């Protein structure tokens, strides 16, 4: 036993030395980041947050992690862990360059909050907003440096309120990054049995993403919309605390993220009630600039054209003939004229790529053609 304890103490001492070395390297990185910030400050309006640079760092370290794992399987570290570690380091160093405030659809614990912290780490000031419009307003006014807004779910489709805010041509907002967040929903309730649940409360998106599970397990329950998943949980807690007649807290359930356990007294009774377990929601980081090219980018656009047969085809052809893929296209009412629509599209490539730039110029030159670049940004991977 004495020999074993001596060996363990020797290993622990070695680990302590490595920790000291890592800390000093992180501090060295922070000093270099501070110098970068000083140079950016001297340049005036140069953005401090450069998603393309962050993307290249993450891609490089993940590639090196894969190379190391190929030769040493016993110490393989998951990409998710490497990604999280470097996100925190980058975020802490970025805060030394320039303090940041990040707005998101609150309150704390929502999926938007989770997406924001995954992207920026623990260092920024986080500003919970009561609506998506408020997130846009905070960023446009400069009260928030960046905002995080949901744009689409892999199975439920577009978050239309976000698209409608982008369709407002008077807003001066750019997309500078995207976040793909793996989504898992859980059921919370004070009810003793699922058969006792009469009302399920959540944001409309989670309710839609759990539609089949609800139909199979709580088919007779009424579905009630809330402004957020966390707000839904608080509605039930408030009814319990106040013994409110508006909601029977003993017959209500809430669907939402695991973070509800930190925000509410509601018991978690069923995990992973989403219909598709590879469920993913995509978020945009919005700011007053987009991102330089990273080598693997998307560009988001909103466009319209004179309403006539083949109008949409003529827009798509501008990209197709140059070999540019469309990864998403959505139509939304323009809200300016009856039955007039605008089209949202994500295309492969950066706005500064020659083929993308030529396609944009061609659409602008069409009779009645209009196109606005919402932003170019690095392609993300699900987290």
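Computed from the coordinates by the stated procedures, all read-outs in this text should not be read as laboratory data. This is a predicted model, so every value here is computed, not measured. Cβ placement follows ideal geometry from the backbone for every residue including glycine, while neighbour counts extend to all protein chains displayed.
Residue ranges 164-175, 5-16 sort as 164-175, 5-16 when ordered by packing (mean number of other C-beta atoms within 10 Å per residue, highest first). Each of 329, 260 has some number of other Cβ atoms within 10 Å of its Cβ, and from fewest to most they run 329, 260. Once Rg and Dmax of the Cα atoms in Å is calculated for the structure shown, the corresponding label among [x] 24.0, 86; [y] 26.1, 87; [z] 21.8, 70 turns out to be [x].
With R₀ fixed at 30 Å, the C-beta to C-beta distance from residue 154 to residue 26 puts the FRET efficiency at about 0.30. log10 I(q)/I(0), Debye, Cα-only the range 2-96, no solvent, q = 0.12, 0.15, 0.17, 0.23 Å⁻¹? Each listed q maps to, in turn, -0.56, -0.78, -0.92, -1.23.
When 344, 111 are sorted by how many other C-beta atoms sit within 10 angstrom of their C-beta, beginning with the fewest, the order is 344, 111. The ranking of 21, 296 from fewest to most other beta carbons within 10 Å of each one's beta carbon is 21, 296.
Using a simple spin-label model with pseudo-atoms 7 Å out from Cα toward Cβ, residue 381 and residue 354 lie 3.1 nm apart. By the gyration tensor of its Cα atoms, with a ≥ b ≥ c the square roots of the eigenvalues, what is the shape of the range 169-317: rounded for a/c under 1.5, prolate for a/b over b/c, or oblate? Judged from the Cα gyration tensor, the range 169-317 comes out prolate (a/c at least 1.5, a/b above b/c). For the pair residue 334 and residue 101, a Förster radius of 30 Å applied to the C-beta separation gives a FRET efficiency near 0.40, rounded to the nearest 0.05. Working from Cα pairs under 8 Å separated by at least six residues, relative contact order for the chain is 18 percent. Could you tell me whether the range 263-361 comes out rounded, prolate or oblate from its Cα gyration tensor? Rule is a ≥ b ≥ c as square roots of the eigenvalues, rounded for a/c under 1.5, then prolate if a/b exceeds b/c, otherwise oblate. Prolate is the answer for the range 263-361, as a/c is 1.5 or above and a/b outweighs b/c. Simple spin-label estimate for residue 288 and residue 59 gives 2.9 nm between the two label positions (7 Å along the Cα-to-Cβ direction from each Cα).
The separation of the range 93-115 from the range 317-372, counted between C-alpha centres, amounts to 31 Å. With the cut-off at 1.5 for a/c, could you classify the range 65-121 from its C-alpha gyration tensor as rounded, prolate or oblate? Here the range 65-121 falls in the oblate category. Looking at the chain, the DSSP beta bridges with both ends there are about 75 percent antiparallel. Estimated from the Cβ-Cβ distance and a Förster radius of 51 angstrom, the FRET efficiency linking residue 261 and residue 370 is about 0.60. Between residue 133 and residue 276, the modelled label-to-label distance comes to 3.1 nm, taking each label 7 Å out from Cα in the direction of the beta carbon.
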